[in-house]
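Enquirer: Before I ask anything, here is the structure I am working with.
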Amino acid sequence: MGKPKLARKLNLIDIFCVASGAMISSGIFILPGLAHGRAGPAVIVSYFLAGLLALTGVLSQAELVSAMPKAGGTYFYVTRSMGPAVGTIDGFLTWFSLCLKSAFALVGMAAFSNILFDFNIQAVAIALCLIFVAINILGIKEAGRIQIALVVTLLGLMILYVVLGIPNIQVEYFKDFASKGIPAVFSTAGFVFVSFGGVLKIASIAEEVEQPDRVVPLGMILALGVVGILYILVIYVTSGVLGASSLDRSLTPLSDGAFVFMGQGGMILLSIAAIFAFVSTANSGIMAASRYPLALSRDGLLPDTFKKINSKYQTPHMSILLTGTVMIVSLFFTLDILVEAASTVLIMTYLFSCLAVIIMRQSGVQNYRPRFRSPIYPFPQIAGMLGCGFLLFEMGAEVLIIVFILISLAITAYLIYGRRRVKEEYALLYLIEKITAKELTTHSLEDELKGIIRERDKIQKDRFDELIEKSHILDLKKKPDLQEFFRLTAEKLSRPLGISKERLYQLLIEREKESTTAINPDIAIPHIIIEGEKHFDILLARCKEGINFGEDISGIKAVFVLVGTRDQRNFHLRALASIAQIISAKDFMTRWMRAKNIENLRDIVLLGERRRQT
């Protein structure tokens, strides 16, 4: 029996609700008052800028997750693009920020709960944290169902708030729009960036999503679009019904706004909505953050305990327990520290995501095959990196100190524990190799990505795959004539087929004389029947200068030679059909000519899209 694996149980609705629920919390129920105090009515622009910057990260993460849907999200991508040292920094920082954001949600419940009840909020927050730890251990689908119910309720209440609030807006509250100055608008955008951190959580649970290459990018983009528009509308209404005197520094801005046009009942309703939102954030936060220790442990950067998957529930129970513990400790931090630390780390994570896409694309790693590609590359990535760097600078020295401390802790953890245990190959090495023409890689990253693609696309090996995996491949540097090429082919295939080189060569020549096997100016598929039983083999060949298959066919660069006995005729036809499907891909010849070595050529065929034989 194999080791327990994470179960693929989440669909598009689950993904949308995890991301949306994580965003519809403190970012809308607490931060608008604090942010309005910093930027004035122009806080609307701050949220817009933060959302626009988050979009660059979402496009980058959507591409990365469609290529590598693995637990650990950005940690996994950063490690495979920039190496384990940088990956450790990103993994620890992202895990820590998600824990802080979830703890921030639980702490934020105090302001709203006190409107309804009078009790010790820390005790309740700890109890809720333990409850959601238990739910996440019992199963991700169960946690997802709770998330859907919470998010549907929240979206309904937020839409009701906007519809009823718009007629009550006082235009005079927007007269002194940028009252705190333009720099304050940008620094506030950095402050509220944590509001969009929920999208980040999706990538970390991609390994548990059905059809992750399609569902995750779509869920991320939909969640950011819906919640981003909702944020702007809600903050516009809140600013317009309260004004600076009531809104600045308010910790219950939406409840205060609802009181203006809905009375006491509206205030209570929005307070209940806020509590639902914080519960939603805590639930999705544990769900997503717990996958980071799992991924770090898989790579040897944390003890093996944290990569254990519960055989009954198929969840990483030890990683979930560790995450819950960190959240409980974080409940004793002050609110400002939670917000600034979480926002700072999320900004850095988006920056890393943008850089990871650039490195993966420019490295020439052949098996990096995202289903979703970020549009107008590399402009969103460059804009994202510049924007994230600018926001970090605008947020001030205190933020930079936090960054320095967190990075120092992560590097220390890597140097003490992970450096000797991790030998991961990464795309930056391929890029350096490409620039310097020095051999720096063993192509183990290509093999890992090949395995991920097979898992992502649910590729089951068939007989054709098994033949290709052990097939002979000729990568010809000089241009041979047809007779020389067939002699080389006969030398490679004669022994495994149990036929003499001379006879095999003769059959290949005779077949070509009957009619050319070139199917287009670039590709030929010589295929013959030989005497005997139970024999079949395939040879692949590339010649960049082209092989002369006839007077008008002198530039054949890809050759598939199929040789089998008569009793293998049915499989012979299926193999021909498989090759036809593989070479019909628009980029087949481009990939074929760019392949660096024999194994890259083999992977092009193995990972080519075709119907598998059962």
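Enquirer: Against the condition of a type in the set (A, V, I, L, M, F, W, C), over 29 Å from GLY324 (Cα atoms), assigned by TED's automatic domain parsing to the domain that holds GLY73 and at pLDDT below 85, how does ALA143 come out, does it pass?
Expert: no
Enquirer: Consider only pairs whose beta carbons are under 7 Å apart and that are at least six residues apart or on different chains; among these, list those whose first residue lies in region 577-603 and is among the hydroxyl-bearing types (Ser, Thr, Tyr) and whose second residue is surrounded by 18 or more Cβ atoms within 10 Å (Cβ to Cβ) and in a helix (DSSP H, G or I).
Expert: These pairs meet every condition: SER578/PHE464.
Enquirer: Then there is this: For region 589-607, give me each residue that is of a type outside the set (S, T, N, Q) and either at pLDDT below 90 or not in a helix (DSSP H, G or I) (or both). Walk me through it before giving the result.
Expert: Initial filter on region 589-607 (of a type outside the set (S, T, N, Q)): 589, 591-596, 598-599, 601-607.
Residues satisfying the conditions are ALA595, LYS596, LEU607.
Enquirer: Sticking with this one: I need every pair where a residue in region 339-357 that is modelled with pLDDT of 80 or more has its Cβ under 8 Å from the Cβ of a residue that is acidic (Asp, Glu) and surrounded by 24 or more Cβ atoms within 10 Å (Cβ to Cβ), sequence separation at least 6 or different chains.
Expert: That search, which allows pairs on different chains as well, returns MET348/ASP90; THR349/ASP90; PHE352/ASP90; VAL357/GLU63.
Enquirer: Would you confirm whether any residue within region 16-29 is at positive phi and either assigned by TED's automatic domain parsing to the domain that holds LEU355 or not in a helix (DSSP H, G or I) (or both)?
Expert: No, that holds for no residue.
Enquirer: Separate question: Is it the case that some residue within region 147-169 is part of a loop (DSSP other than H, G, I, E, B) and at pLDDT 80 or above?
Expert: Going through region 147-169, the residues part of a loop (DSSP other than H, G, I, E, B) turn out to be 169.
Next, only the ones that are at pLDDT 80 or above stay: 169.
Yes - at least one qualifying residue is present in region 147-169.
Enquirer: Going through region 589-608 one residue at a time, which ones are surrounded by fewer than 20 Cβ atoms within 10 Å (Cβ to Cβ) and under 13 Å from VAL559 (Cα atoms)?
Expert: If the condition is that a residue be surrounded by fewer than 20 Cβ atoms within 10 Å (Cβ to Cβ) and under 13 Å from VAL559 (Cα atoms), then MET589, MET593, ARG602 are the ones that fit.
Enquirer: Any chance region 182-202 includes a residue that's assigned by TED's automatic domain parsing to the domain that holds THR349, out of contact with any helix residue (DSSP H, G or I) (no Cβ under 8 Å at 6 or more places or on another chain) and either of a type in the set (D, E, K, R) or within 30 Å of GLY91 (Cβ to Cβ) (or both)?
Expert: No, there is no match, as no residue in region 182-202 is assigned by TED's automatic domain parsing to the domain that holds THR349, out of contact with any helix residue (DSSP H, G or I) (no Cβ under 8 Å at 6 or more places or on another chain) and either of a type in the set (D, E, K, R) or within 30 Å of GLY91 (Cβ to Cβ) (or both).
Enquirer: I've got another one for you. Of everything in region 476-529, what is aliphatic (A, V, I, L, M), under 25 Å from ILE583 (Cβ atoms) and over 49 Å from the mean Cα position of the chain (by Cα)? Give them in sequence order. I'd like the intermediate steps shown before the answer.
Expert: Of region 476-529, the ones aliphatic (A, V, I, L, M) are 476, 482, 488, 490, 493, 497, 499, 504, 507-509, 518-519, 523-525, 528-529.
Now restrict to residues that are under 25 Å from ILE583 (Cβ atoms): 476, 482, 488, 490, 493, 497, 504, 507-509, 518-519, 523-525, 528-529.
Once the filter is applied, which keeps residues that are aliphatic (A, V, I, L, M), under 25 Å from ILE583 (Cβ atoms) and over 49 Å from the mean Cα position of the chain (by Cα), region 476-529 yields LEU504, LEU507, ILE509.
Enquirer: Hey, does region 470-484 have a residue that's hydroxyl-bearing (Ser, Thr, Tyr), out of contact with any Gly (no Cβ under 9 Å at 6 or more places or on another chain), loosely packed, with under 15 Cβ neighbours inside 10 Å and within 20 Å of ARG602 (Cα to Cα)?
Expert: no
Enquirer: May I pose another question? Might you let me know whether region 260-268 holds any residue that is assigned by TED's automatic domain parsing to the domain that holds ILE205, at positive phi and small (Gly, Ala, Ser)?
Expert: yes
Enquirer: Can you pull out the residues in region 456-469 that are of a type in the set (D, E, K, R) and either touching a residue at least 12 places away in the same chain (Cβ under 8 Å) or buried (at least 17 other Cβ atoms within 10 Å of the Cβ) (or both)?
Expert: Correct list: ARG456, ASP457, ASP462, ARG463, ASP465, GLU469.
Enquirer: Still on this structure: Only one of ASP475, ASP481 is touching a Lys or Arg at 6+ places or on another chain (Cβ under 7 Å) and under 30 Å from SER554 (Cα atoms); which? Give the steps one after another, and end with the answer.
Expert: Values: ASP481 fails: touching a Lys or Arg at 6+ places or on another chain (Cβ under 7 Å).
Only one candidate qualifies: ASP475.
Enquirer: Do we have SER239 as under 29 Å from the mean Cα position of the chain (by Cα) and polar (S, T, N, Q) here?
Expert: So SER239 fails the test.
Enquirer: Look through GLY285, GLY257, GLY300 and report the one residue that is farther than 30 Å from VAL78 by Cβ and either in contact (Cβ under 8 Å) with a residue 24 or more places away in the chain or not hydrophobic (A, V, I, L, M, F, W, C) (or both).
Expert: Only one candidate passes the filter, namely GLY257.
The values are calculated or read from the model by the stated rules, or taken from the named source; none is laboratory data. On a predicted model such as this, the values are computed, not experimentally measured, just so you know. Heads up, the Cβs are rebuilt from the backbone with ideal geometry, glycines too, and the neighbour counts pull from every protein chain shown.
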